[in-house]
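Trainee: The structure that follows is given in the form of structure tokens.
A short reminder: the numbers here are calculations on the coordinates, not readings from a lab. Remember, predicted model here, so these are calculated numbers, not experimental data. Because the Cβ atoms are built from the backbone with ideal geometry, glycine has one as well, and the counts that use them run over all protein chains shown.
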Ligand SMILES: *Cc1c(COP(=O)(O)O)cnc(C)c1O
């Protein structure tokens, strides 16, 4: 359409995971927590539902910043609060990248980075991870305005050690945004690097580990000057009253979050073991999901391009995704380079994982007979 800026006309929209509005699914496709929000959080939100909703919320999110500062061992002025960490990602791109500015990110990773760069009319610079999902040397682009590193990485679950992140930041003239949406399930974090590097911004989310995807709360943590500048860019009232109340209560219950994260890790070990028994290649994950490639087989299930007779080939991951969906089990599948031969499975409850495993075995058995 002629009314749009040319970069909007030519760009592809971000495609979020399905949120089915009808019928029951075992939902293992968008990395939500299988556990309910904490009682304190629900209570705090209920207490907020009254006549004060006629008033605007605190534009600075003071109470959330204070509580987050305690959790992450930083000062409150080193924290910015957003309507989900996606909002912080948007604020980041708008703050640091101008027309044609270079945005570096890894592939495969979270698809939103490239989309936000497109909206900004920035110059996208995707860099391939190495085969074992380490940072390649090309990640260091001296002229990058913004470099995204997602660790644990979505959708692979693999991590980048904080020392590697620090090396990138120390040699960059731009900002390094470390997307730690899944760090509560990992053994490491880059938050402490913000004291050392004034160009590192760490993003956290309450969506996954705090079971609050529906409340939309994300945090940016960095040097106070960085945060002060980003506060100029954000919408004044980007977090609403119920969000502020819920986020403050959630961050006051780190122990409950950690207990849930431990359950997720235990179920992650369980799922990885069961997938390996079924012959999947499983990437080592420190997140609340696992990326796994179905086993090599002979025959019918094979990817057409590889179906020379007698040759072992892979079950098409896309076919597995579809078969699971007809059994009302949702996982995530991308028909993209390096991802199209696998599926991403969120760590649900043990029951949900067993339903997924039983369905997968049934699908495998059906195909074996053909
Ligand atoms: C889920 C996710 C987000 C978005 O989190 P919200 O706080 O819900 O906006 C950001 N980055 C990555 C890598 C994610 O997987």
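Trainee: I need 343, 329, 227 ordered by Cβ neighbour count within 10 Å, fewest first.
Mentor: Taking fewest neighbouring Cβ atoms as first place, the list is 227, 329, 343.
Trainee: Figure the gain on full extension for residue 253 and residue 228 (residue separation times 0.36 nm, minus the Cα-Cα span) and round it to one decimal in nm.
Mentor: 6.3 nm
Trainee: Let me ask something else. Would you mind pulling out the separation of the Cα centroids of region 162-215 and region 255-300, in Å?
Mentor: Here the answer is 23 Å between Cα centres.
Trainee: Moving on to the next point. If I fit a long axis through the Cα atoms of helix 317-326 and take the longest principal axis of the Cα atoms of the chain, what angle between them do I get, 0 to 90°, rounded to 10?
Mentor: Result, in degrees: 80.
Trainee: Sticking with this structure for a sec: So, in nm, how far is label residue 341 from label residue 128 when the simple model puts each one 7 Å beyond its Cα toward the Cβ?
Mentor: 1.3
Trainee: Below 8 Å, C-alpha to C-alpha, sequence gap of six or more: please give me the relative contact order for the chain in percent.
Mentor: The normalised contact order for the chain reaches 21 percent.
Trainee: Per-residue counts of other Cβ atoms within 10 Å, averaged by peptide: what ranking do you get for 41-54, 198-211, highest first?
Mentor: 198-211, 41-54
Trainee: Take residue 24, project a point 7 Å from its Cα along the Cβ direction, then tell me which residues of region 316-334 have their backbone nitrogen under 15 Å from it.
Mentor: Zone members listed by number: 327-330.
Trainee: Note the full-extension length gain between residue 54 and residue 99 as 0.36 nm times their separation in residues minus their Cα-Cα distance, in nm to one decimal.
Mentor: Extra length available between residue 54 and residue 99 comes to 12.4 nm.
Trainee: Moving to a separate point now. Quick check: pseudo-label points 7 Å beyond the Cα along Cα→Cβ at residue 365 and residue 12, how many nm apart are they?
Mentor: Each label point is offset 7 Å from its Cα along the Cβ direction, giving 3.8 nm.
Trainee: Going by the alpha-carbon gyration tensor, a ≥ b ≥ c the square roots of its eigenvalues, is region 39-252 rounded (a/c under 1.5) or, if a/c is not under 1.5, prolate (a/b greater than b/c) versus oblate?
Mentor: Prolate, because a/c is 1.5 or more and a/b exceeds b/c.
Trainee: Please report the antiparallel percentage of DSSP beta bridges with both residues in the chain, rounded to the nearest 5.
Mentor: Antiparallel: roughly 50 percent of the beta bridges in the chain.
Trainee: As an exercise, find the ratio Rg/Rh for the chain from alpha-carbon atoms, using the Kirkwood inverse-distance average for Rh.
Mentor: Reported Rg/Rh, Kirkwood definition of Rh: 0.98.
Trainee: Any chance you could run the full-extension gain for residue 43 through residue 276? It's 0.36 nm times the residue separation minus the Cα-Cα distance, nm to one decimal.
Mentor: 79.7 nm
Trainee: Below 8 Å, C-alpha to C-alpha, sequence gap of six or more: please give me the relative contact order for region 39-252 in percent.
Mentor: Taking the mean separation of contacting Cα pairs over the length of region 39-252, I get 29 percent.
Trainee: Would you please put 254-264, 216-226 in order of how densely packed they are, using the mean number of other Cβ atoms within 10 angstrom per residue and starting with the highest?
Mentor: So the peptides 254-264, 216-226, ranked by packing, come out 216-226, 254-264.
Trainee: What number, rounded to the nearest 500 deg cm²/dmol, is the helix-based mean residue ellipticity at 222 nm of the chain, given -39500 (n - 2.57) per DSSP H run of at least four residues and division by all its residues?
Mentor: Here the helix-only value at 222 nm equals -11000 deg cm²/dmol.
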